[in-house]
Amino acid sequence: MRVEVTRALQLDQRQQTQLDLHSFLNVLNVLSGDLLLFHDAAGREPFAATLEACYQVSDTFQSDPSLGRVLQQFEKLRQQFSLDCQANQVLANSLEVAVKEQWDNLQSVVAVLDIRYAEMKARLQASDGWITFHLPGLRREIEAFLGVVEKNSLGRYHIVTNVACKKPRDYLVHLQFASLHEEEMDMPGVLKDVLRDLLANARKYTEPGGTIEVGLAETQACIRLVVKDNGRGIPEDQLQQVVEFGFRGRNVAAHETKGAGFGLTKAYWVARHYQGKMWIESAEQAGTTITIEIPRRPA
């Protein structure tokens, strides 16, 4: 079943800020969890101060949910992580192979946080939220994101973008971008967050061996984003509800994830904010296709 989402979203300022920070907070949650896992594996707590700084970022959001204040707190976290790495370099060189992989994974997760931080700073500087993207560069960033997602799994699965490289339990991700202006496209900067969030959702709710298709195209009328998977799907009677803040479909309610669970809410919120539309096509065990259309930037 395919439906156009028409649900009214009633979001207070805190919830809107939480959606704006959704991708950043997701990675922060991953970092907090990975720090705890690393401490367990290493038998000590070399990143105790960094972990505390993670909690302080979350506390700052709860007490003062503004983008500027949260970014300021992250700068402190980033400085503390560098200090902890320097102070424990001797430890890093002596770790067993499996634990050393976790150390390297922490570096990758923080690198992703650095990217999210830079993106949010850039969006703050764009008066209308629109940014010109270089499509080959955007593709490389999404592929790098997939690499970090795979690395964070610690070998539980692999992600490939070339069908000739796919093994039975690998995820196959197709990325296709097209613009009216060769290699550049103007689009809301936050749509890049939505692309990543929907891609991450598709991976989470698709079993290893599944296929995910991502298409981003500019037409004469709109910017269109499509993310399609062959995963668990969404119950047909909940296709409108799944965009509500904090709502999860009954067939995935018990599925444990590290994310905040606001991916579809944010996608719909962004579509509506830019006078666009969103459609969901899905059924249980039949996969899901999310389509977003946003009118092109006025000349």
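The values are calculated or read from the model by the stated rules, or taken from the named source; none is laboratory data. What you are looking at is a predicted structure, and each value in this text was computed from that prediction instead of being measured. Methodologically, a virtual Cβ is constructed for each residue, glycine included, from the backbone with ideal geometry; neighbour enumeration extends over all protein chains shown.
In table form, for the structure just shown:
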| read-out | value |
| --- | --- |
| Enumeration of residues in the range 7-57 that are among the polar types (S, T, N, Q) and either modelled with pLDDT under 95 or touching a Cys at 6+ places or on another chain (Cβ under 7 Å) (or both) | 10, 13, 15, 16, 17, 18, 23, 26, 29, 32, 56 |
| Residues within the range 280-290 that are part of a strand (DSSP E or B) and over 11 Å from residue 264 (Cα atoms), tallied | 4 |
| Matching option when the condition is closer than 19 Å to residue 266 by Cα, touching a Leu at 6+ places or on another chain (Cβ under 8 Å) and free of Cβ contacts under 8 Å to residues at least 60 places away in the same chain, among 5, 70 | 70 |
| Yes/no for residue 147 being within 21 Å of residue 21 (Cβ to Cβ), surrounded by 12 or more Cβ atoms within 10 Å (Cβ to Cβ) and in contact with a strand residue (DSSP E or B) (Cβ under 9 Å, 6 or more places away or on another chain) | no |
| Residue check for residue 27: closer than 18 Å to residue 104 by Cα, touching a helix residue (DSSP H, G or I) at 6+ places or on another chain (Cβ under 8 Å) and either polar (S, T, N, Q) or touching a residue at least 40 places away in the same chain (Cβ under 8 Å) (or both) | yes |
| Residue 186 being closer than 27 Å to residue 281 by Cα, surrounded by 17 or more Cβ atoms within 10 Å (Cβ to Cβ) and either out of contact with any helix residue (DSSP H, G or I) (no Cβ under 9 Å at 6 or more places or on another chain) or among the β-branched types (Val, Ile, Thr) (or both) | no |
| Matching helices (runs of 4 or more DSSP H) fully within the range 88-184 where at least 1 residues are over 24 Å from residue 29 (Cα atoms) and modelled with pLDDT of 95 or more | 135-152 |
